[in-house]
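The values are calculated or read from the model by the stated rules, or taken from the named source; none is laboratory data. Here the structure is a predicted model, which is why all the values come from computation and not from measurement. Accessible surface areas use protein heavy atoms only, side chains included; no ligands, DNA or RNA. Shrake-Rupley method; radii C 1.70, N 1.55, O 1.52, S 1.80 Å.
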Amino acid sequence: MTRALILAAGQGTRLRPLTDDKPKCLVHLLGRTLLERQVDTLRVLGINDIHIATGYRSDQIEALGFATSINPKFAKTNMVESLFSALSFIHQKGDLIISYGDIVYQSNNLQMLLNCDDEIAMMIDARWRDLWSLRLDNPLDDAETLIMNDNGYVTELGKKPQNYDQIEGQYTGLIKIRSDKLEALLAFYSNLDRSAIYDGKDFNNMYMTCFLQLLIDSGWKAKAVLVNSGWLEIDSVEDLSKYESMAKEGKLDRFYRIEN
C-alpha cells in the first residue's frame, strides 16, 4: 500500500494577498484548490491514505476532514521540520509519497514514480527549462544543480549552479520513499547534529534538497524518475496569473494538462 504526505505548513508569503487568510494549498488554480487537484490525482491511482502536514491556518485544512499533523513552529522553520512533524504517519506501513503542497502534477507522472522501486524515487523534470523560461527572464537565477550518474541516480542537487551543464533536470517536490527504508529515514533524521549549519541554514531551517543530499552522501540511492513537464509549481501571484491566462488561451497543456 502506498500512502501520501503533503507538506502544507508554510505561509505562502509570495502569494499574498491570496494567502492573507488561507494556507497556500487552498489557493485556487482554474477553479479548484491546489490541494483538491493533488488529492484527486493521488486518489485516481488508488492512493487514499493521505495525510497533511499543516501549520499556517491549519484549521482550514482540518475542517476539510483530512488527517493532519501540525508544525507549531511553521513560521520559524522549513519544510524538513514539517515533514518530521508527521512522525506517527511516517511510522506506518507502506511506501510513502512526500509532496510539496504548492505543486500539481499529472497522473501519468505520478504513475511513473509509483513504478520505481528504488529506495528513493524523485520526480525530475528533464524539460525544466521550458517552465523556468515561462516564469523567469533568466532561468539560471532560480534553478538548482541536479547531476545524475550513468545509472540515473541523483548524485547532487540543490546547489547554486554556475552554468546549465550542472543542471540535468529539476527536482519537482515529489518523491517516494520505499516502505522498508522509513525506519532508517527516521533514524537518520534523529541522528543529525542539531547545532550544525546546513547549506548556510541552521537545523530548523534546512532545505529539503539539503536533507536529500545528506541522505545521498551517506549512501542512499535516489533514482531520478525523468518526466517531460506535466506539473506546475505555484510559488507566486505572477505564476498563478500566467497559468490562468495560458489556460484561457489553450496554451497550458504544453506544461500541465488539467485532468480534474
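Can you classify the chain as rounded, prolate or oblate using the Cα gyration tensor, where a ≥ b ≥ c are the square roots of its eigenvalues, rounded means a/c under 1.5, and otherwise it's prolate if a/b beats b/c and oblate if not?
Details: a/c = 1.30, a/b = 1.09, b/c = 1.19.
Verdict is rounded for the chain.
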So what are the ³J(HN,Hα) numbers for region 152-163, from phi and the Karplus equation (6.51, -1.76, 1.60; θ = phi - 60°), rounded to whole Hz, Gly and Pro as x?
x, 9, 6, 10, 8, 7, x, 8, 7, x, 8, 7
For the chain, what does -39500 (n - 2.57) per DSSP helix run (n ≥ 4), summed and divided by total residues, give at 222 nm, in deg cm²/dmol to the nearest 500?
-7500 deg cm²/dmol
With θ taken as phi - 60° and the coefficients 6.51, -1.76 and 1.60, list the Karplus ³J(HN,Hα) couplings across region 6-14 in order, rounded to whole Hz; mark glycine and proline as x.
9, 8, 9, 9, x, 8, x, 4, 6
With 10 Å bins from 0: P(r) over region 170-258, alpha-carbon pairs, percent:
13, 34, 26, 21, 7, 0
Cross-link partners among lysines for LYS22, C-alpha distance below 24 Å, same-chain residues fewer than 8 apart left out?
LYS73, LYS76, LYS242
How large a share of the accessible area of region 112-260, in percent, is made up of carbon and sulfur atoms when the probe is 1.4 Å and the other protein chains stay in place?
43 percent
